[in-house]
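The values are calculated or read from the model by the stated rules, or taken from the named source; none is laboratory data. Please read all numbers here as calculations on a predicted model, not as lab measurements. As a convention, Cβ positions derive from the backbone with ideal geometry for all residues, glycine included, and neighbour counts pool all protein chains shown.
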Amino acid sequence: MMLTRSPLSFFSGPTGLFYSVTLPLLLALAFALVIIASSSVSGAKASKVGEASFHYLMQGLGILLMTIGAMPTLLSVLMGPAYPGRVYMSLLWVFLVGGSLFLWHEQAAERIERASTQIPQAIFLTVVRTIGYLIALFSGLSLLLSVALGKMPTSWWVAPVVMLLYGALLCWSTGAGEAGASSFQSISLHSVVKHPAKKPAKKHGFNFFRFFTRKRA
């Protein structure tokens, strides 16, 4: 009976109607908040901010698809049981679609001017880093509790270790993306502050020399 139903029948039920109304409203509210926050950045355009927000949202979807495709495959190889060949092929397609989606929208976001991508990029990196940090934290806690409670069946450590490494990878990748920008800004600020400090000293010495020679003459 369930196989004969249309996939679109989900939206005709109360749960489907609820999500079909609330999800677009939440997305519209999130885009509006990002555009309002970006209005404080000089040179930012509302249309470009919305476009950048869309690209970063699709990058997040690409990361989710890559996770869905990679995690079951990796856990199946390390822990078992093995899936049929068609399941592995389907997971591979999901991973490839997610990777292509991420790379495509990443290149599209880089073509937008920096002023319009600052706020969406900061939100995207913060959300991904927070998710990775929470995954790594709870995975490490799961390892410690399993050892403390003595609940260590066969291959008990595989899933927590894989999730711990995955969370650490998310944290590292987002942190590495911001390291270059922060160091560049600190160097630029240091050069701006340091340069005016030399100029008054040089000018003061030159004036004193002229005054001294003029007084002797």
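Just wondering, is there one or more residues in segment 104-114 that are in a helix (DSSP H, G or I) and more than 16 Å from Leu57 (Cβ to Cβ)? Yes, segment 104-114 contains at least one residue that is in a helix (DSSP H, G or I) and more than 16 Å from Leu57 (Cβ to Cβ). The residue list Val77, Val128 contains one member that is of a type in the set (A, V, I, L, M) and surrounded by 13 or more Cβ atoms within 10 Å (Cβ to Cβ), which is Val128. When restricted to residues that are more than 21 Å from Ala37 (Cβ to Cβ) and either out of contact with any Ser or Thr (no Cβ under 8 Å at 6 or more places or on another chain) or among the hydroxyl-bearing types (Ser, Thr, Tyr) (or both), segment 111-158 contains 24. On the stretch given as segment 35-47, residues that are buried (at least 18 other Cβ atoms within 10 Å of the Cβ) and in a helix (DSSP H, G or I) total 2.
Quick one: would you say Leu144 is touching a Gly at 6+ places or on another chain (Cβ under 8 Å) and either modelled with pLDDT of 85 or more or of a type in the set (D, E, K, R) (or both)? So Leu144 does not fit the description; no.
Within segment 31-60, if we keep just the residues that are within 16 Å of the chain's Cα centre (by Cα) and among the aliphatic types (A, V, I, L, M), the residue that is farthest from Ala108 (Cα to Cα) turns out to be Val34.
Modelled with pLDDT of 90 or more and over 23 Å from Ala44 (Cβ atoms): does that describe Leu78? It is false that Leu78 is modelled with pLDDT of 90 or more and over 23 Å from Ala44 (Cβ atoms).
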